[in-house]
Structure formats: structure tokens, C-alpha cells
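Visitor: This is the structure, below, for whatever I ask next.
The values are calculated or read from the model by the stated rules, or taken from the named source; none is laboratory data. Nothing here was measured: the structure is a model prediction, and the numbers come from that model. Here the Cβ is made from the backbone with ideal geometry for all residues, glycine too, and neighbour counts use every protein chain on show.
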Amino acid sequence: MTQKLFYQDSYITTFSAQTVKQATDQAERLYVVLDQTAFYPTGGGQPFDTGTLNGVAVTDVEEVNGEVRHFVEKEVEEEVHGEINWARRFDHMQQHAGQHILSAAFEDQFGYKTVSFHLGQEVCTIDLDISSLEESKARRAEAYANSILQRNHSIETKWVKKEELVQFNLRKEVSVSDDIRLVIIPDVDYSGCGGTHPSSTAEVGAISILKWEKQKKQMRVHFVCGNRVMEQLHQKQKVAQGLTNVLNVPQVDLVDAANRLVMQTKDHEKTIDELNNRILSYEAKELLQSAGTIHDQKVVQMISREYGMKEIQKLAKTILNEDSSVVVFLISEIEDKLQIVCGRGEDLYLDMNHALKEVLPLINGKGGGKKDFAQGGGDAIRSAEEILIELVKVSLQ
């Protein structure tokens, strides 16, 4: 069993130890086991510490059957000097303690229980056992949590036996029966927890709720603590200032300005679609006027190097609505791809899906449809002209 120095003192950043074991796991990752360590292994919702052993990077830390495994890039000596990444560790301490406090705030103020916690690389989340969350209640819990930070409560840890748990007002039942570690914020929160925490609530700095959303039957609350609050503020200020400059409005008017821009864009897109449909309508009439006859069948053919699949589909359907006795073969050739649309009027009995399926293998293509209308595409390994000739042949013979 490795001696866990982080339980003696969460602020230990360097230590000396003896190598007990070096081996590889099932994924062929090299790991080192020490007689003692300050590296925290992944667990209890908190990610692992990073750092170095004799200058060799520690990329992951896991606890397996009592072994704290330090995954390293190469073997280390028998005597090692360990150094953890303090910025990462302290960030995790702030987030984890902040979660305890925010969960306590939701429960104390409204009776909302926390059922899960995730400490992410940028944002943390808790899942509350409720189906909805009002803005006023989220902000009230946030304000209450921050007031706890400002009162600078101590954060204590205590190892207890199972029979001693009745002495504490635990927020939820502990998941272990031996070696029970409690994290205690007097008069605020009593929780079983194996994570690392600062020695006082003031060191958490600040707690900010970013958003909340429905997650199955629960509400997922996204939040940040400590230095991450400043990072979020800087990011959002940079974005807000950029939008202020682009939209040329004060920051308080950004939402209204953005909404107006979105509505204008939708209006413009609608106008563009209407104009495109008019153009396609004119082109459909021109194609019908220039339609030829093959085996006594009126046929419209076209190869386009401007239109994509969406446009040639619309064009084909417009042509067929104008004339129910025509067969349409349209091909789009853009870059190294061919897109094919073929259709026939309702007065005809040709199988356009079968014809398309006969041609698609020539371009390693995929597609399909119904007997009256089919579409597909593939690689331009044959010219559009060759494919059009083959399509007409298999359709009308």
C-alpha cells in the first residue's frame, strides 16, 4: 500500500520516495509504484495530478488494488524526487471544495440534492435531483455559496469508523464502510470524500454558475470556481468587446443587436431562396424548350459545374411539374465529385431508380430513390459526359 501524502497535507508539492515496482499495464503503458506519493490518482470525480518523477513526466495516475500507479514515459531510478503540477492541483482543490459548497447551498436553500459531480478541464457540473430550475433560485444558491466563501470557514478532514457517522449530519450516505474520510466545513457541509481541498473556504475564491440544462430527469448545473471564474470573465469580456466593436453598439445592447442581425439574415436568406427559385424556374423552361427526342421520348439533359445536388434536385422537380411526359437527366460536376438526379413524368413508366443503380458503380457511387425520381453521387473517375451517355442508354433502351 502506497502512503498517500496528499491526505496528510494537500499542499505538498515535492517529495522523495523509493521505487517499489515498475511494470506495464494491459495497454502496455509503463507505470511506477512508490512507497509514498503526493500524486493524487483519479477518483471521486476529481482528475489525477500531473508532474514529474526525477524529471520524467507523469501523464496519468490511477489506483489499482491499493497500488498508486504513476504512468511515465520511461523508467525511473530507485530513489525518486517527485514534483506535482501545483497549478493543476490547486485548481482541482478549488473546484472540488466549491462543489461541496454549491451542493450544500442548493440543499440548504431549497432541498435540492446533488446526485453526481464532474470536474472537467474547463467547467464543472453537478446534477440536481430536480426536473426544472428557476433563474432566481440558481442565483440565490450562487449568492449563498459565495457568502460561505467570504465568511472564511475552515475546511477540515477527519478519518472515522462507520459507527461514528451518526455524530455527523452527512449530506448523503458514504459509499465505503472502511477508511471513511470526511470533509467537514463546520455548520455548512459534512461529506464523505477522498478528494483534495484547500484549508479554508476563502481559498476557493469565487463560485459562478454559468448555465443549467435538462439532463434526462435531472438538471445539470455548469459552474466554475476560483481562478476559473477570472478565466471565464476574461473570455466573455473579450467576446463581448469584439461584438461591441463589430456591431457598433454598447455592451448592454448586444443581445438586441444580435437578434436584429439574425432576423435580417433570415429575411435575406428567404429573399435569396426566392430569387434562386425564380432562376431555376426560368432555367427549367429553357431546358424544356431545348429538350430533344431519344427513341421517341422527350428528354432533358444537362451537365452543370455551378449547381450542387440541392439545386439540380429542385431544377428536376420544377421541370417535371411543368411537363409530365418528359425524362430528366441532370449531373452536377464540382471538384472531384459527380452528383446525379434522374426523374420521369407521371405519365411514363420508366424505372429511374434502376437506371441510377446501373450507373453508380462506374463512379464508386451511392444513392437511390423511387421509380419516378432518384439521386446519388460518387467520385469523378469518369467524365460527366460519359456518365450522362450511359445513364440515357440504360434508361431508354
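Visitor: If you take the residues in segment 87-142 that are over 25 Å from the mean Cα position of the chain (by Cα) and outside any helix (DSSP H, G or I), which one is surrounded by the fewest Cβ atoms within 10 Å (Cβ to Cβ)?
Guide: Among residues in segment 87-142 that are over 25 Å from the mean Cα position of the chain (by Cα) and outside any helix (DSSP H, G or I), the one surrounded by the fewest Cβ atoms within 10 Å (Cβ to Cβ) is G111.
Visitor: Please identify the pairs in which a residue from segment 38-49 that is assigned by TED's automatic domain parsing to the domain that holds F71 and of a type in the set (S, T, N, Q) has its Cβ atom under 6 Å from the Cβ atom of a residue that is buried (at least 23 other Cβ atoms within 10 Å of the Cβ) and modelled with pLDDT under 95, counting only partners at least 6 apart or on another chain.
Guide: Note: pairs meeting the criteria are Q46/G195.
Visitor: Same structure, new question: Hey, E77 hits all of (1) on the phi < 0 side of the Ramachandran plot; (2) assigned by TED's automatic domain parsing to the domain that holds I155; (3) not hydroxyl-bearing (S, T, Y) but one; which does it fall short on?
Guide: Checking E77 against (1) on the phi < 0 side of the Ramachandran plot; (2) assigned by TED's automatic domain parsing to the domain that holds I155; (3) not hydroxyl-bearing (S, T, Y), the one that fails is (2).
Visitor: I've got another one for you. Applying the selection to segment 328-366, what residues are assigned to a strand (DSSP E or B) and in contact with a helix residue (DSSP H, G or I) (Cβ under 6 Å, 6 or more places away or on another chain)?
Guide: Passing the criteria: V328, F329, L330, I331, S332, E333, L338, Q339, V341, C342, G343, R344.
Visitor: What residue, among those in segment 298-322 that are in a helix (DSSP H, G or I) and of a type in the set (D, E), is surrounded by the most Cβ atoms within 10 Å (Cβ to Cβ)?
Guide: Only one residue tops the list, namely E311.
Visitor: From the set of residues in segment 29-53 that are at positive phi and part of a loop (DSSP other than H, G, I, E, B), which is modelled with the highest pLDDT?
Guide: G45
Visitor: In segment 141-159, is there at least one residue being among the hydrophobic types (A, V, I, L, M, F, W, C) and in contact (Cβ under 8 Å) with a residue 60 or more places away in the chain? Spell out the reasoning first.
Guide: At the first step, the residues of segment 141-159 found to be among the hydrophobic types (A, V, I, L, M, F, W, C) are 141, 143, 145, 148-149, 155, 159.
Going one step further and asking which of them are in contact (Cβ under 8 Å) with a residue 60 or more places away in the chain, we end up with 141, 145.
Scanning segment 141-159, I find at least one residue that is among the hydrophobic types (A, V, I, L, M, F, W, C) and in contact (Cβ under 8 Å) with a residue 60 or more places away in the chain, so the answer is yes.
Visitor: Could you run through segment 146-200 and say how many residues are in a loop (DSSP other than H, G, I, E, B) and either over 33 Å from the mean Cα position of the chain (by Cα) or loosely packed, with under 10 Cβ neighbours inside 10 Å (or both)?
Guide: 17
Visitor: Select, from K298, K317, the only residue that is in contact (Cβ under 8 Å) with a residue 40 or more places away in the chain and either within 38 Å of the chain's Cα centre (by Cα) or more than 13 Å from L391 (Cα to Cα) (or both).
Guide: K317
Results for (1) loosely packed, with under 11 Cβ neighbours inside 10 Å; (2) among the hydroxyl-bearing types (S, T, Y); (3) not assigned by TED's automatic domain parsing to the domain that holds A105, shown as yes or no for each residue.
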residue: L210; (1), (2), (3): no, no, no
residue: V229; (1), (2), (3): no, no, no
residue: L243; (1), (2), (3): no, no, yes
residue: P250; (1), (2), (3): yes, no, yes
residue: L254; (1), (2), (3): no, no, yes
residue: A257; (1), (2), (3): no, no, yes
residue: K266; (1), (2), (3): yes, no, yes
residue: S281; (1), (2), (3): no, yes, yes
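Visitor: Out of segment 369-388, which residues are touching a helix residue (DSSP H, G or I) at 6+ places or on another chain (Cβ under 6 Å), surrounded by fewer than 16 Cβ atoms within 10 Å (Cβ to Cβ) and not in a loop (DSSP other than H, G, I, E, B)?
Guide: Correct list: D379 only.
Visitor: Then there is this: Assess whether L170 counts as being modelled with pLDDT under 90 and either out of contact with any helix residue (DSSP H, G or I) (no Cβ under 9 Å at 6 or more places or on another chain) or closer than 28 Å to K137 by Cα (or both).
Guide: Here the answer is yes, as L170 does meet what is asked.
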